[in-house]
Amino acid sequence: MARKIILLTSCILFFTHFLFAQIYIAPDGDDTNPGTIDLPFGTFPTAISEAVPGDTIYVRGGVYNLTTTITITAVKNGSDSLFFTMKAYNNEIPVLDFSTQQFGDKGISLRANYWHFKGLQITGAGDNGMDINFGSNNIIEECQFYRNRDTGLQLSNGSANNRIINCDSYYNADPPDYADADGFAPKLTVGSGNYFFGCRAWVNCDDGWDGYLRGADDVTTTLENCWTWGNGYLENGTDPGPDANGNGFKTGGGDNSNADSLMHHVILINCVAFDNKNKGFDQNNNLGSMTLYNCSGYGNKTANYRIQRALNPGQTLTVKNCVSFVGNVQLGSFAVQETNSWLPPFVVTADDFLSLDSDSASARRQPDGSLPEIEFLHLAQGSDLIDAGVDLGFPYNGTAPDLGAFESDYTTLIAGNESGISGSFQLFQNYPNPFNPITHITYSLPISEKVNLIIFNSLGEKVAVLIAGEKRSAGEYQVTWDGRDVMGNLVSAGVYYYRMELESGMVRTRKMIFLK
Ligand SMILES: [Ca+2]
Ligand SMILES: [Ca+2]
Ligand SMILES: [Ca+2]
Ligand SMILES: [Ca+2]
């Protein structure tokens, strides 16, 4: 009844704008409460049952001791325009602790479409921390999955087109066998079109990412800006045995040496694998297409890259602008390769990198949830890997793309243009990021310049022009983008690039994500 009155009033006053309810849940809440900020609910099933599409369930900080799986079924399907949202309230940290749950039970079982989870920590589950099972078009953002007793986040049973953004999965391990717990697992019966961006998986007892198939075939998964390391070991540093496979990105494969020739097409862009017990980038026995652009492998024990087995007819392995340091590269002769660091004329040494301090990879994320700004595996000024790559259609700094996962701000010197090589022209990461629909872009100029600032979509098409050849004196500036294209229409969700070009020839580009 209360909802109907609120709805009616809202419609009269504001039309559709404030139509959606805000539902609150807190560790010390009570299900006899109305679910407001002052009188929150106490259990997840109650909060979920009260929600309708478009509603937001705010999860207050603190530890929730949970023994039962939180199951969300198709009764609670949202839609493209009306997501269900379950998110941490402000910057509070809700910890969903399932450690008293019986072994084999999952933490969250998401069997619905169009849910957006943000800012939750899920730990101790008897099986997967979260299993997206017959659930599609969901967004899982800034969530952490750790010390679960199987894979942190698994996608199964046809789950398709989910976006996993800025999530971490670590210290997951499945006793007593220690054979299956991965960080992220789009595997077995997974659907197609799942997308990972800005995620990290470390020290999971089995693999960082696992795309092994049993039941699914001919599916595609894309990973961008993802890092994985130290898999194949337990949190205490011990190796639990050979069933703990220890691969960084295991792209696919199937049973019985993949007798069914199953294909998991995997696209890896700007991804990093290091210090894994076994392989960094691993075919296993996947027979689908694999595309590796600007990836970096370092110190993986068996090989940084191993993709040797012939693919199914018509499938391709493409490896371009990738870096390997301290570790083997084992690619079949069928690989289409261009400007990889192990090919002539490159020579890779420690001097090519600003830092080899891998500990920094697990540093805290930035306030907007994006990966920490570290120097590990970033290229040092003067490296022959700078501006040495082939143009793959992505924006870059300097005269050409660099090799590896981290495009440097350095550029090769162009004779006669030294005055343009200034250390203090900077284009900073937008804030917030991801955003919807407003974000701010800061830049600084060492000298007076004519400036262009242009937004591109992931296809390289110009979307908006924020600054068109305007003169600016030296200093720091901030520009705001309202998420609208040149026609004034709100752009669709996805990856965008902002590119600043100066009259002196300097160019800087950065990536951002618009989330629905
Ligand atoms: Ca295994
Ligand atoms: Ca695995
Ligand atoms: Ca070098
Ligand atoms: Ca470059």
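The values are calculated or read from the model by the stated rules, or taken from the named source; none is laboratory data. If you're wondering where the values come from, they're calculated on a predicted model, not measured in any experiment. Methodologically, a virtual Cβ is constructed for each residue, glycine included, from the backbone with ideal geometry; neighbour enumeration extends over all protein chains shown. Heads up: the accessible areas ignore ligands, DNA and RNA and are worked out on the full protein's heavy atoms, side chains in. Shrake-Rupley method; radii C 1.70, N 1.55, O 1.52, S 1.80 Å.
What the table shows:
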item	result
Lone qualifier among LEU343, LEU331, LEU354, LEU377 - being over 22 Å from TYR233 (Cα atoms), open to solvent by 30 Å² or more (accessible area, probe 1.4 Å) and within 16 Å of ligand 4 (Cβ to nearest atom)	LEU354
Residue in the range 244-266 that is nearest to SER192 (Cα to Cα), counting only those that are among the polar types (S, T, N, Q) and in a loop (DSSP other than H, G, I, E, B)	THR251
Count - residues of the range 253-290 that are within 14 Å of ligand 1 (Cβ to nearest atom) and within 20 Å of CYS322 (Cα to Cα)	5
Matching residues in the range 86-136 - criterion: being in a strand (DSSP E or B) and polar (S, T, N, Q)	SER109, GLN121, THR123, ASN133
Filter result (within 22 Å of ALA244 (Cβ to Cβ) and either of a type in the set (Asp, Glu) or open to solvent by 10 Å² or more (accessible area, probe 1.4 Å) (or both)) within the range 210-222	ASP210, TYR212, ARG214
Qualifying residue in the range 67-82 (condition: farther than 19 Å from GLU141 by Cα and either touching a Ser or Thr at 6+ places or on another chain (Cβ under 8 Å) or modelled with pLDDT under 95 (or both))	yes
The lone exception for ILE48 - which of (1) among the aliphatic types (A, V, I, L, M); (2) touching a Gly at 6+ places or on another chain (Cβ under 9 Å); (3) modelled with pLDDT of 95 or more it fails	(2)
Answer residue from the range 137-151, given it is open to solvent by 10 Å² or more (accessible area, probe 1.4 Å) and part of a loop (DSSP other than H, G, I, E, B) and is nearest to ASN91 (Cα to Cα) among those	GLU142
Tally of residues being within 14 Å of GLN121 (Cα to Cα) and open to solvent by 60 Å² or more (accessible area, probe 1.4 Å) across the range 66-86	0
Residues (over 30 Å from TYR114 (Cα atoms) and of a type outside the set (Gly, Ala, Ser)) located in the range 487-514	ARG499, MET500, GLU501, LEU502, GLU503, MET506, VAL507, ARG508, THR509
Those residues of the range 223-259 which are out of contact with any Lys or Arg (no Cβ under 9 Å at 6 or more places or on another chain), under 19 Å from ASN285 (Cβ atoms) and buried (at least 24 other Cβ atoms within 10 Å of the Cβ), in sequence order	THR251
Subset of the range 283-334 [of a type in the set (A, V, I, L, M, F, W, C) and assigned to a loop (DSSP other than H, G, I, E, B)]	LEU287, CYS295, ALA310, LEU311, CYS322, VAL326, PHE334
Residue in the range 199-219 that is within 13 Å of ligand 2 (Cβ to nearest atom), out of contact with any strand residue (DSSP E or B) (no Cβ under 6 Å at 6 or more places or on another chain) and of a type in the set (Ser, Thr, Tyr) present	yes
Filter result (part of a strand (DSSP E or B) and crowded, with 17+ Cβ neighbours inside 10 Å) within the range 56-65	THR56, ILE57, TYR58, VAL59, TYR64
Cross-chain or 6+ apart pairs with Cβ under 8 Å, the range 329-356 first and closer than 18 Å to ALA400 by Cα and more than 16 Å from ligand 2 (Cβ to nearest atom), then open to solvent by 60 Å² or more (accessible area, probe 1.4 Å) and not in a loop (DSSP other than H, G, I, E, B)	LEU343/GLN337
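Conditions tested, residue by residue: (1) more than 16 Å from ligand 1 (Cβ to nearest atom); (2) open to solvent by 30 Å² or more (accessible area, probe 1.4 Å); (3) more than 21 Å from MET500 (Cα to Cα).
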{"residue": "LEU371", "(1), (2), (3)": "yes, no, yes"}
{"residue": "SER383", "(1), (2), (3)": "yes, no, yes"}
{"residue": "ILE386", "(1), (2), (3)": "yes, no, no"}
{"residue": "GLY393", "(1), (2), (3)": "yes, yes, no"}
